[in-house]
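Trainee: Just passing along the structure, written as structure tokens.
The values are calculated or read from the model by the stated rules, or taken from the named source; none is laboratory data. Treat the numbers as computed from the prediction; the structure is a model and nothing was measured. Ideal geometry is used to build each Cβ from the backbone, glycine not excepted, and the neighbour counts take in all protein chains shown.
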There are 2 protein chains.
Amino acid sequence: MANAPRGKLLVGQSGGCTHVINASLQGVVTEALRRKPVTAVWGMRHGIEGVLKRDVVDFGKESEETLKRLARSPAAALGSCRKKIDDSELSEILDVFSENDIRHFVYIGGNDSADTSHRIAVAAAKRGVPLHVMAVPKTIDNDLPRTDHCPGFGSAARFIASVVADTGMETESMSTVEPVKIIEVMGRNAGWLAASSALAKRSERDAPHLVWPPEIPFDRSTFLKLIRHWLKRIGYCVAVVSETIVDAKGRPVAAGKKRLEMDAFGHPRSADAAEYLCNLVKAEIGVRARWDKPGTIQRMSSAHFSDVDVVEARECGRAAVRFALQGMSDRMVVMRRRSGKRYAVDYDAVPLTAIANREKLLPARFFNRGIMLPTPAFKRYALPLVGSGLPDHPRLRGYKPRLR
Amino acid sequence: MANAPRGKLLVGQSGGCTHVINASLQGVVTEALRRKPVTAVWGMRHGIEGVLKRDVVDFGKESEETLKRLARSPAAALGSCRKKIDDSELSEILDVFSENDIRHFVYIGGNDSADTSHRIAVAAAKRGVPLHVMAVPKTIDNDLPRTDHCPGFGSAARFIASVVADTGMETESMSTVEPVKIIEVMGRNAGWLAASSALAKRSERDAPHLVWPPEIPFDRSTFLKLIRHWLKRIGYCVAVVSETIVDAKGRPVAAGKKRLEMDAFGHPRSADAAEYLCNLVKAEIGVRARWDKPGTIQRMSSAHFSDVDVVEARECGRAAVRFALQGMSDRMVVMRRRSGKRYAVDYDAVPLTAIANREKLLPARFFNRGIMLPTPAFKRYALPLVGSGLPDHPRLRGYKPRLR
């Protein structure tokens, strides 16, 4: 630690936003500002694009008040990006680092950002530029390997668990009018968020009644059979589906209906699974159905911060600075859950090669394919991450008097 | 009051659910239970359908705990309906009332429910059945005439104001990737909810930048011109549109794209305005755009109760019982805002003929067509209804250091 290299620390945010990407930024900035070897803390505007455009900000000039409020403000205060850098840009980035005495590079992001960070670390090592590259995990999708979970997941899961429980009460109320509701949630190729919709479910009447994660090929007849089952049993059904569910041939369920776009990284963007399935229910079962697509609201709603998520996101940011100053590079901060009854995590770091372009899908033990709902093991895993106070709505006992 | 008719009180919930339809139910039930002339308090399952099916519950047997918790539980605990009764059903309903000594009928609902209540009151008077019919206003759309506002509006407006402010921060963060977002909100033919999306807007950077209520015929060129304006000025744009926006000929903007359904009352159901406009922006401006459709979540999210809305919904329910016991009938409870700086309302009742099948649209003084945003007068009207603590997100000062 005594011989931690003196120099500037540059921090950035990348990829889709989360509730807590600013909590991580706050952690990085406040930790770095109080460390002597760090001569200045700079932030890049819109991730790595800010380096290429020489668009950076000096956190030494920001007020303590602003830094404090960041922790409970969703989205990326520095601006985010979805930039895949080419080799000439990589070279330019290292030039900027050398010329400006930037010795520490902290990138808050998901799989793609881990890839960018890794390429910068490798190129710096190759060129002999002294640079400590640390990635801070960030994704609502919870799909990064080697970490117990990802900052951002807990709050998005809290939103989904809450609003599915809430709006399920409406479907129950309106069961004689519109007995089916389909809610489309995010999660890319992983079903962590879809499964989280069941975290406030306490009884069979509570929504959701059926969850379809992207790991399980969509099967029309099973889907319709389960909806018919719940309509018969309780008179209504709320289904939660991932926006990326695909059929057995890997085609999005709504394919054919509309062309899919690809993003800069070649990931397919969502078709409207919920709307398609809603029409399927109307046509095949002949009941009214409606669909909701909370979209980006699920990763932004400031009424749904998970306290645990906020704290961990900040601690991941602080850990990244500590690890960089210990001389680590080409690594991502990860959380390891302690054994024992009380939930707690330790912070560690793993090589970026173990993270970049890999996905951690929902394991089989967390999902019951027979009933298409997450298992109690999943609930034990996820409940500590979303915080307390999930909805628990009352129902009337409904004592029936004798009518004439 | 001394000669208030002894007999049972029957209460029901009807139409689309809101955050506070159960708070009104709680008000009706708790007030009625403590009134001597009320011999029993019964609730109908799924509104008027419950009378026809003899499916009612006795509130005298519900626990105080359940009744207490109702006030902060969204949706209709009794079940709701969208039932338009015919003349023979009307006659059957009056038979049930006579045979079971039901002297007070309280119906919590919107325009359509007011129509049902009015028809029951008229038929009872004609037949000489002693019945006091009171309607309790309920609608997130805020479109009932003769009342300052409607229970249900404040909480839905709070949701929309909050999440638009929240998710607008993401669009700002992602401005170099996907600079346009379109959010589709409810409101039937009235722009009250759409306008409410601007209640947390403090500066030109805050979302929304453009609101399109259903009262103003959609105009493609104005819409695109405003989006181009904001893209040029701040680099991104969040537009909020009502799901029911129509063109100058009264056709839904997305018409042609899909067939519209009609509900039981002949109201057109929503096409996907936001998705259509998103594709329009991509095609005409050539930038990436995305859309969110919170759907029923906007009237159900239990993290977004407006405290004022909860209290007023309950008081409207209590007032309905008081008025019925004073001998009133064929009326709806309304709220009148007191003059003076401190927000307060008085409860009164108006004839149902002034309510049923009429709509109160957003008045011209509440919306600035030049910039397509609500006026300060609208904010003064609506802010007391949504409660305190709307999002107020920090931004970095962004001091730029000199780079080499």
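Trainee: Can you tell me which residue is modelled with the lowest pLDDT among those in the range A:351-365 that are more than 17 Å from A:TRP192 (Cα to Cα) and buried (at least 17 other Cβ atoms within 10 Å of the Cβ)?
Mentor: We begin by selecting, within the range A:351-365, every residue more than 17 Å from A:TRP192 (Cα to Cα); these are A:351-357.
From what's left, buried (at least 17 other Cβ atoms within 10 Å of the Cβ): A:352, A:355-356.
Numbers: A:LEU352: 96, A:ILE355: 89, A:ALA356: 80.
Among residues in the range A:351-365 that are more than 17 Å from A:TRP192 (Cα to Cα) and buried (at least 17 other Cβ atoms within 10 Å of the Cβ), the one modelled with the lowest pLDDT is A:ALA356.
Trainee: To continue, here is another question. Among the residues in the range A:98-105, are any within 27 Å of the chain's Cα centre (by Cα), within 29 Å of B:THR296 (Cβ to Cβ) and aromatic (Phe, Trp, Tyr)?
Mentor: Residues of the range A:98-105 that are within 27 Å of the chain's Cα centre (by Cα), as a first pass: A:104-105.
Now restrict to residues that are within 29 Å of B:THR296 (Cβ to Cβ): none.
Looking through the range A:98-105, none of the residues is within 27 Å of the chain's Cα centre (by Cα), within 29 Å of B:THR296 (Cβ to Cβ) and aromatic (Phe, Trp, Tyr).
Trainee: If you go through the range B:341-364, how many residues are outside any loop (DSSP other than H, G, I, E, B), closer than 21 Å to B:ILE120 by Cβ and not polar (S, T, N, Q)? If you could, list the steps in order and put the result at the bottom.
Mentor: Keep residues of the range B:341-364 that are outside any loop (DSSP other than H, G, I, E, B), which gives B:345-354, B:364.
Narrowing further to those that are closer than 21 Å to B:ILE120 by Cβ: B:349-354.
Right, trim to not polar (S, T, N, Q) and you get B:349-352, B:354.
Qualifying residue count, the range B:341-364: 5.
Trainee: Looking only at the range B:223-253, which residues are modelled with pLDDT of 95 or more, surrounded by fewer than 20 Cβ atoms within 10 Å (Cβ to Cβ) and outside any helix (DSSP H, G or I)?
Mentor: The answer is B:GLY235, and nothing else.
Trainee: How about the range B:3-27: which of its residues are in contact with a Leu (Cβ under 8 Å, 6 or more places away or on another chain) and either within 14 Å of chain A (Cβ to nearest Cβ) or under 17 Å from B:LYS68 (Cβ atoms) (or both)?
Mentor: The first filter runs over the range B:3-27 and keeps only residues in contact with a Leu (Cβ under 8 Å, 6 or more places away or on another chain), leaving B:4, B:11-13, B:22-23, B:25-26.
Selection gives B:VAL11, B:GLY12, B:GLN13, B:ASN22, B:ALA23, B:LEU25, B:GLN26.
Trainee: Could you check, for the range B:378-401, whether at least one of its residues is buried (at least 19 other Cβ atoms within 10 Å of the Cβ), more than 19 Å from the chain's Cα centre (by Cα) and touching a residue at least 40 places away in the same chain (Cβ under 8 Å)?
Mentor: There is at least one residue in the range B:378-401 that is buried (at least 19 other Cβ atoms within 10 Å of the Cβ), more than 19 Å from the chain's Cα centre (by Cα) and touching a residue at least 40 places away in the same chain (Cβ under 8 Å).
Trainee: Given B:PRO384, B:PRO401, B:PRO374, B:PRO391, which one is within 14 Å of another protein chain (Cβ to nearest Cβ), under 21 Å from B:TRP192 (Cβ atoms) and of a type outside the set (A, V, I, L, M)?
Mentor: Details: B:PRO384 fails: within 14 Å of another protein chain (Cβ to nearest Cβ); B:PRO401 fails: under 21 Å from B:TRP192 (Cβ atoms); B:PRO374 fails: within 14 Å of another protein chain (Cβ to nearest Cβ).
Of the residues listed, the single one that is within 14 Å of another protein chain (Cβ to nearest Cβ), under 21 Å from B:TRP192 (Cβ atoms) and of a type outside the set (A, V, I, L, M) is B:PRO391.
Trainee: Which of the residues belonging to the range A:276-294 are assigned to a helix (DSSP H, G or I), buried (at least 19 other Cβ atoms within 10 Å of the Cβ) and in contact (Cβ under 8 Å) with a residue 40 or more places away in the chain? Please lay out each step first, then the result.
Mentor: Quick first cut of the range A:276-294, residues assigned to a helix (DSSP H, G or I) only: A:276-285.
Filter again for buried (at least 19 other Cβ atoms within 10 Å of the Cβ), leaving A:276-278, A:281.
Correct list: A:LEU277, A:CYS278, A:VAL281.
Trainee: Do we have A:GLU62 as over 25 Å from A:ASP143 (Cα atoms), of a type in the set (Asp, Glu), touching a helix residue (DSSP H, G or I) at 6+ places or on another chain (Cβ under 9 Å) and within 11 Å of another protein chain (Cβ to nearest Cβ) here?
Mentor: On the way: over 25 Å from A:ASP143 (Cα atoms): yes; of a type in the set (Asp, Glu): yes; touching a helix residue (DSSP H, G or I) at 6+ places or on another chain (Cβ under 9 Å): yes; within 11 Å of another protein chain (Cβ to nearest Cβ): yes.
Yes: the conditions hold for A:GLU62.
Trainee: Here's a follow-up. Among the residues of the range B:120-174 satisfying the criterion of being of a type in the set (Val, Ile, Thr) and closer than 30 Å to B:ALA207 by Cα, which is surrounded by the fewest Cβ atoms within 10 Å (Cβ to Cβ)? Break it down stepwise before answering.
Mentor: First, the residues of the range B:120-174 that are of a type in the set (Val, Ile, Thr): B:120, B:122, B:129, B:133, B:136, B:139-140, B:147, B:160, B:163-164, B:167, B:171.
Narrowing the set further to residues that are closer than 30 Å to B:ALA207 by Cα leaves B:139-140, B:147, B:160, B:163-164, B:167, B:171.
Details: B:THR139: 27, B:ILE140: 33, B:THR147: 22, B:ILE160: 30, B:VAL163: 33, B:VAL164: 30, B:THR167: 28, B:THR171: 27.
Per the stated criteria, the residue is B:THR147.
Trainee: Within the range B:71-95, how many residues are surrounded by 18 or more Cβ atoms within 10 Å (Cβ to Cβ), within 12 Å of chain A (Cβ to nearest Cβ) and either in a helix (DSSP H, G or I) or among the aliphatic types (A, V, I, L, M) (or both)?
Mentor: So the answer is 5.
Trainee: For A:ASN368, are the conditions met, namely being among the polar types (S, T, N, Q) and loosely packed, with under 15 Cβ neighbours inside 10 Å?
Mentor: The answer is no for A:ASN368.
Trainee: Within the range B:315-331, is there a residue that is assigned to a strand (DSSP E or B), over 28 Å from A:VAL163 (Cβ atoms) and modelled with pLDDT of 95 or more? Reasoning before the result, please.
Mentor: As a first pass, look at the range B:315-331 and keep what is assigned to a strand (DSSP E or B): B:331.
Those still in the list that are over 28 Å from A:VAL163 (Cβ atoms) too: B:331.
Retained after the next criterion (residues that are modelled with pLDDT of 95 or more): B:331.
So far as the range B:315-331 goes, yes, one or more of its residues are assigned to a strand (DSSP E or B), over 28 Å from A:VAL163 (Cβ atoms) and modelled with pLDDT of 95 or more.
Trainee: Go through the range A:111-166 and give me each residue that's touching a Ser or Thr at 6+ places or on another chain (Cβ under 8 Å), closer than 30 Å to A:LEU390 by Cβ and not in a helix (DSSP H, G or I).
Mentor: Answer for the range A:111-166, where residues must be touching a Ser or Thr at 6+ places or on another chain (Cβ under 8 Å), closer than 30 Å to A:LEU390 by Cβ and not in a helix (DSSP H, G or I): A:VAL136, A:PRO137, A:LYS138, A:THR139, A:ILE140, A:CYS150, A:PRO151, A:GLY152.
Trainee: With the condition kept exactly as written, say whether any residue in the range B:51-59 is on the phi > 0 side of the Ramachandran plot, touching a residue at least 24 places away in the same chain (Cβ under 8 Å) and assigned to a loop (DSSP other than H, G, I, E, B). Talk me through it step by step, then tell me what you get.
Mentor: Here is the first cut: in the range B:51-59, the ones on the phi > 0 side of the Ramachandran plot are B:54.
Then keep just the ones that are touching a residue at least 24 places away in the same chain (Cβ under 8 Å); that gives B:54.
If we keep only those that are assigned to a loop (DSSP other than H, G, I, E, B) too, we end up with B:54.
Looking through the range B:51-59, at least one residue is on the phi > 0 side of the Ramachandran plot, touching a residue at least 24 places away in the same chain (Cβ under 8 Å) and assigned to a loop (DSSP other than H, G, I, E, B).
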